[in-house]
Amino acid sequence: MKQVKRAALYAGLLALALLIWWPLWFIVMGIFLPADELTALLGPVFGEGAGYARWFLLPSWPTLASLAELLLDTPEFFAVFWNSCKQAFPQALGQLIVGAPAAWAFARLRFPGRRALFGVYVVLMLLPFQVTMVPSYLVLNRLNLMDTVWAVILPGIFSTYPVFIMTRGFEAIPKSVIEAAELDGAGQFTIFLRLGLPMNLSGLISAFVLGFLEAWGAVEQPMTFLESAENWPLTLYLPQVVLDNLGLSMAASFIALMPALLIFLFGQRYLEQGILQGAVKE
């Protein structure tokens, strides 16, 4: 009976894994499909032809024409890819520079109003972008930063979610280690640099990974604060899908997925450690 239940569980997990992996498989196979075959299979989705859309697990005549066209004949793709890099990496790094000292203060310093201020951080973390959109727009417009990369970078740098993640990591550092450093005459800044940051490496990398993934996939912020198409990131470029360049769009989607996937795979172990570390009580 236990073996039957275990087999059913494995079958269910396998079916769920296949369901999750299907969109990626769909994109990868779409890269290798010829343009006429893509049109025949997905034409009904775009109102071209009658019947229903179809899809094959493997292409009948694999080709790299779409990928070659994207890499060799589509310079605007490289421009928007670079725009995404300029907006995502500074946000993720800036969140560490700004958020790590704040997280250390919440975790290790005792000052009046600490709990109330941290509660404000949690509330701001839970607020959706639609609530903060108008204040951010007014501030950025007053600073003449609208339609620049800084209109996306600066609000992202001062996000409160990385502070919450790193605070839990700093709180997990044994109190005895901090007290020993204080007995040796180390100040708070020295303890933060030489003990806090190295011992909370998993929390820092977790915050960087999550911040990068959020910035790389952001849609509403660039759509609201960027007017010129020359400043658009990949998230605003990819939705311009039409039937004539469907293969090109799939190739662009696959390449756009690679940085986020590589960053996640690099930080997956640290992300798991950061989550577990944040659950440890002193």
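The values are calculated or read from the model by the stated rules, or taken from the named source; none is laboratory data. Source: prediction; values computed, not measured. What goes into the accessible areas is simple: the full protein's heavy atoms, side chains included, and nothing from ligands, DNA or RNA. Shrake-Rupley method; radii C 1.70, N 1.55, O 1.52, S 1.80 Å.
If the stretch 10-128 were replaced by its equivalent ellipsoid, with semi-axes equal to the square roots of 5 times the Cα gyration tensor eigenvalues, what would those be, largest first, whole Å?
Details: eigenvalues 442, 99, 41 Å².
Each semi-axis is √(5λ); the values are 47, 22, 14 Å.
On a 0 to 90 degree scale, rounded to 10, what angle separates helix 129-142 from the longest Cα axis of the chain?
With both axes taken from Cα atoms, the answer is about 80 degrees.
To the nearest µm²/s, what D does Stokes-Einstein give for the stretch 124-282 at 25 °C and 0.890 mPa s, using the Kirkwood radius over alpha carbon pairs as Rh?
The calculation lands on 133 µm²/s.
Using every pair of alpha-carbon atoms in the stretch 94-135, split the distances into 10 Å bins beginning at 0 and state the percent of pairs per bin, rounded to integers.
Once binned at 10 Å, the Cα pair distances of the stretch 94-135 give 25, 45, 28, 3.
Please report the carbon-and-sulfur percent of the accessible area for the chain; probe 1.4 Å, protein heavy atoms only, DNA, RNA and ligands left out.
69
Got a sec to turn the phi values of the stretch 191-201 into Karplus ³J(HN,Hα) couplings, 6.51 cos²θ - 1.76 cosθ + 1.60 with θ = phi - 60°, whole Hz, x for Gly and Pro?
Per-residue couplings from phi come out as 4, 4, 6, 8, 10, x, 5, x, 6, 10, 4 Hz.
Hey, got the Cα dimensions of the stretch 119-162 along the principal axes, in Å, largest first?
On the principal axes, the stretch 119-162 reaches 31, 19, 13 Å in Cα extent.
Taking only Cα atoms, what is the 0 to 90° angle, nearest 10, from helix 114-126's long axis to the longest principal axis of the chain?
Once rounded, the angle reads 0 degrees.
Using every alpha carbon pair in the chain, what percent of pairs falls into each 5 Å bin from 0 up to the bin containing the largest distance?
1, 5, 9, 11, 13, 12, 12, 11, 9, 7, 5, 3, 1, 1, 0, 0
For the stretch 149-200, how big is the tail of P(r) above 17 Å, as a whole percent of Cα pairs?
Values: 634 of 1326 pairs.
Roughly 48 percent, once rounded to a whole number.
Let me know the whole percent of all Cα-Cα pairs from the stretch 106-213 that are separated by more than 26 Å.
Values: 1945 of 5778 pairs.
Tail of the P(r) past 26 Å holds 34 percent of the pairs.
Stick to the Cα atoms of the stretch 59-151, pair each with every other, and give me the Kirkwood hydrodynamic radius in Å at one decimal.
17.7
Quick check: Cα centre of the stretch 54-89 to Cα centre of the stretch 176-194, how many Å?
Comparing the Cα centres of the stretch 54-89 and the stretch 176-194, I get a distance of 50 Å.
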